[in-house]
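Report on the following structure.
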Amino acid sequence: MEEEISISSVIFRLANESDCSFISGETISFNELTNESGFIFTDFNRKNAFLIKPQTNITGNWEKIKNKFNHNLFNPLNSSEEISTDKDDYNFGFRIVKNEIEYKKITKAVLSRKIVFQDTSNAIKVFEQLVKNYPSSHIYLVKIPSGDIWIGASPETLITEKDKIASTMSLAGTKKDRKTNWTEKEYVEQKIVTSTILNCLKKLNINTKISPLETVEAGAVYHLRNTISFSTENRSVAEIAEKLHPTPAISGSPKSAAYSTIKIAEPHSREYYCGFGGPINLINKSTLFVNLRCAKITTNQTTLFVGGGITEKSIFEDEWKECERKAQSLIRFL
């Protein structure tokens, strides 16, 4: 499994929890997730996945732990030359996705874009603001082995497990405020995600229980969500996570065809956007989240990655504006 060993660090605060954790230690790159303990962080294409084996592990209220580690660990080491996705390029990708839907090759694909600011960001200060303002999101700040910084406030749990009881979620559909009514487009998009996740778990012979559909707030927008619960008595968290990723909430459906469409429609690499991360097998508990509402910080730029699900009823201008609203979850703190 081991390919390369270095040292890396992460700070995170899981959704609906009060404590933050700082972990630092050996970083092991891997191709396939195993049952080792630590903090994992994977890119969308699974080419630069790694696990931090905790040599230092500090947990507690942010005010109590923030002075117990070196903040310089979260200074970026590299410069970058990122370019924002312009409207013409996004429209080109949008038309590719719509064409694949029209010819019945896919029912949904998630199209992403980049928003680049020509300045670095103070990662620790942004992390503090995200923790303070988004209690129901997974907040994370990671220095990857190459020296770049990734930070985010994700509303989506890939899998959480304790004492063999686990859950995942189908999260899809977006609206700008609570009073706006959901439309057929959002309900269809969310149903695609739910059905695909259920079929995936069924193939693993996992029996599931589904919560009622609910509207949840996620930063500057709202989503539809079902929580799906199940037992991991006969399956490991690592195995289930590998099967679930990438969910149709970040790729599309059918998975393989949507993935191929994304590679054609997007001119950029997603890098760690839409990968997943989190603590695994630490104190008999695992919580892995999808890397959404995130940014890469270098010495000279801050690059936000945002996207949205394209279906038969999607309208280009609406999708462009949806990405703008999602980006506000981070932009307001940069």
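The values are calculated or read from the model by the stated rules, or taken from the named source; none is laboratory data. Please read these numbers as outputs of a predicted model, since none were measured by experiment. Heads up, the Cβs are rebuilt from the backbone with ideal geometry, glycines too, and the neighbour counts pull from every protein chain shown.
Would you confirm whether any residue within region 7-22 is in contact with a strand residue (DSSP E or B) (Cβ under 9 Å, 6 or more places away or on another chain), aliphatic (A, V, I, L, M), at pLDDT 95 or above and surrounded by fewer than 17 Cβ atoms within 10 Å (Cβ to Cβ)?
no
If you go through region 231-264 one residue at a time, how many are over 17 Å from Thr42 (Cα atoms), hydrophobic (A, V, I, L, M, F, W, C) and crowded, with 22+ Cβ neighbours inside 10 Å?
2
Would you mind stating whether Pro248 is within 21 Å of Ile139 (Cβ to Cβ) and in contact (Cβ under 8 Å) with a residue 24 or more places away in the chain?
Working: within 21 Å of Ile139 (Cβ to Cβ): no; in contact (Cβ under 8 Å) with a residue 24 or more places away in the chain: yes.
Against the criterion (within 21 Å of Ile139 (Cβ to Cβ) and in contact (Cβ under 8 Å) with a residue 24 or more places away in the chain), Pro248 does not qualify.
Evaluate the following for Asn67: is it of a type outside the set (A, V, I, L, M, F, W, C), surrounded by fewer than 16 Cβ atoms within 10 Å (Cβ to Cβ) and in contact with a Cys (Cβ under 9 Å, 6 or more places away or on another chain)?
In short, no.
Does region 176-185 include one or more residues that are in contact (Cβ under 8 Å) with a residue 40 or more places away in the chain, touching a helix residue (DSSP H, G or I) at 6+ places or on another chain (Cβ under 7 Å) and farther than 29 Å from Lys64 by Cα?
Within region 176-185, one or more residues are in contact (Cβ under 8 Å) with a residue 40 or more places away in the chain, touching a helix residue (DSSP H, G or I) at 6+ places or on another chain (Cβ under 7 Å) and farther than 29 Å from Lys64 by Cα.
Do any strands (runs of 3 or more DSSP E) entirely within region 206-260 hold 1 or more residues that are touching an Asp or Glu at 6+ places or on another chain (Cβ under 8 Å), modelled with pLDDT of 95 or more and of a type outside the set (Phe, Trp, Tyr), and if so, which?
The qualifying strands (runs of 3 or more DSSP E) are 221-231.
Residue-wise test of (1) closer than 24 Å to Ile7 by Cβ; (2) surrounded by fewer than 24 Cβ atoms within 10 Å (Cβ to Cβ); (3) not acidic (Asp, Glu).
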site	(1), (2), (3)
Lys105	no, yes, yes
Ala109	no, no, yes
Ser112	no, yes, yes
Ile115	no, yes, yes
Thr120	yes, yes, yes
Lys132	no, yes, yes
His138	yes, no, yes
Leu141	yes, no, yes
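Residue pairs, Cβ under 7 Å, 6 or more apart or interchain, first in region 211-236 and basic (Lys, Arg), second buried (at least 19 other Cβ atoms within 10 Å of the Cβ). List them.
Pairs found: Arg225/Met169; Arg225/Ser170; Arg225/Leu171; Arg235/Ile206.
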